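Coordinate-derived values only; no laboratory data. Here the structure is a predicted model, which means the values were calculated and not measured. Glycine gets a Cβ as well: all are built from the backbone with ideal geometry, and neighbour counts include every protein chain shown.
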Amino acid sequence: MRIEDILYTQGFGTRRVCAGLIQQGFVRVEGHVVDDPGAGFEVQGLRFTVQGTEWGYHDKAYLMLHKPAGTECSQKPSTYPSIYTLLPAPLRQRPNKGAVQGVQAIGRLDQDTTGLLLLTDDGQFIHRMGSPRHHVPKVYEIGAKHAVTQGQVDRLLAGVVLDDDPKPVRAAACEATGPSAMRLTLTEGKYHQVKRMLAAVGNRVETLHRSSIGPLALPDDLAPGQWRWLEPAQVDALRNARAGQP
Ligand code: URA
């Protein structure tokens, strides 16, 4: 693929901007400046630098982010900074069918919720992860306002009715992890679901953290605000995960 097209597909701007970066000597492959926009490279495994920052070629982008508290999952946040400001510009500018679209979060977490969030520019992957047939278990660590009782755990496992839907929602798994702490696993994602479920059993969420999505756990060494590319095996494991399986 031409280096100009490589930069374009990876989100470095319009083809004209990419050609400019190349002609000005800002792009290097294997340590050598590439100043011809038409120079061709095999993209598989390609690593290159743009203005000193190293990148790898990714046909599609799949990332995990440790969402910090006080951020919104919206592109146009109302009160808090957007999670998208935590990502480098090329990830926010990757083109899709000619338009700048960038990576999108797969589902949303509330502004005060922390933890694992997946992002991608693969529309099919977003669709698959969101489909009810595929709903993979998501594990939440809850700090509660009041003591967690076995009665609350039992009710969450049996199913509780939320105000907008007569059909009960139930936790796929639930256990107390401390006097006022709980681990809850859900296979669906209704609006404010964890907070509403806790309220339905007479408790209240004070802190909420998502620790895993299906087979993928938030790594201990990924600090709040940091992001990382997913390994191809992790993407495959998520794609093949089934509802009800960890
Ligand atoms: N449930 C909630 O109430 N909030 C979240 O952010 C995620 C799940």
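Give me T85, T71 ranked fewest to most by other Cβ atoms within 10 Å of their Cβ, as a rough exposure proxy.
Ordered from fewest to most neighbouring Cβ atoms within 10 Å, T85, T71 come out as T85, T71.
Run the numbers on the stretch 175-246 and let me know its relative contact order in percent, using alpha-carbon pairs under 8 Å that are six or more apart.
Value for the stretch 175-246: 24 percent.
For the chain, report the convex hull volume of the alpha-carbon atoms normalised per residue, in Å³, without decimals.
139 Å³
If you put +1 on each Lys and Arg Cβ and -1 on each Asp and Glu Cβ, how big is the dipole of the chain around its Cα centre, in Debye rounded to 20?
Roughly 680 debye, rounded to the nearest 20.
Give, as a single signed number, the net charge of other residues whose beta carbon lies under 9 Å from the beta carbon of G214, with Lys and Arg counted +1 and Asp and Glu -1.
That works out to +2.
Note down the net charge around G159, summing +1 for each Lys or Arg and -1 for each Asp or Glu among other residues with Cβ under 9 Å from its Cβ.
Charge balance in the 9 Å sphere: +3.
Could you list F26, F48 so that the one with the fewest beta carbons within 10 Å of its beta carbon is first and the one with the most is last?
Ascending number of Cβ neighbours within 10 Å: F26, F48.
State the dimensionless ratio Rg/Rh of the stretch 3-56 (Rg: radius of gyration of Cα atoms; Rh: Kirkwood radius).
Taking Rh as the inverse mean 1/r over Cα pairs, Rg/Rh reads 0.90.
Put +1 on the Cβ of every Lys and Arg and -1 on every Asp and Glu Cβ in the chain; which of Y8, T85, P166 then has its Cα farthest towards the positive end of the dipole?
Of the options given, the answer is P166.
Give the shape of the stretch 86-165 as rounded, prolate or oblate, defined through the alpha-carbon gyration tensor: a ≥ b ≥ c are the square roots of its eigenvalues, a/c under 1.5 means rounded, and otherwise the shape is prolate if a/b is larger than b/c and oblate if not.
Prolate shape, in that a/c is at least 1.5 and a/b is the bigger ratio.
Just add up the charged neighbours of Y84: K/R +1, D/E -1, any other residue whose Cβ is under 13 Å from the Cβ of Y84.
Every neighbour counted, the sum reads +3.
Using θ = phi - 60° and the Karplus relation 6.51 cos²θ - 1.76 cosθ + 1.60, list the HN-Hα couplings for the stretch 190-198 in order, rounded to whole Hz, with x at every Gly or Pro.
Coupling constants for the stretch 190-198: 6, 4, 6, 4, 5, 4, 6, 5, 5 Hz.
Sort K60, K138, K67 by Cβ crowding within 10 Å, fewest neighbours at the top.
K60, K138, K67
Going through the cross-link list K76/K195; K167/K195; K60/K97; K76/K138, which pairs have a Cα-Cα distance over 21 Å in this structure?
In this structure, K76/K195; K76/K138 exceed 21 Å between Cα atoms.
Counting Lys and Arg as +1 and Asp and Glu as -1, each charge on the Cβ, what is the dipole of the stretch 3-56 about the Cα centre in debye, to the nearest 20?
Approximately 180 debye in magnitude.
Could you work out the percent of alpha carbon pairs in the stretch 63-119 separated by over 12 Å, rounded to a whole number?
Everything past 12 Å amounts to 64 percent.
Rg (Å, one decimal) plus Dmax (Å, integer) for the alpha carbons of the stretch 125-214?
My reading of the Cα-based Rg and Dmax gives 12.7, 39 Å.
Relative contact order (percent) for the chain, with alpha-carbon contacts under 8 angstrom and 6 or more residues of separation?
Once divided by the residue count of the chain, the mean separation gives 20 percent.
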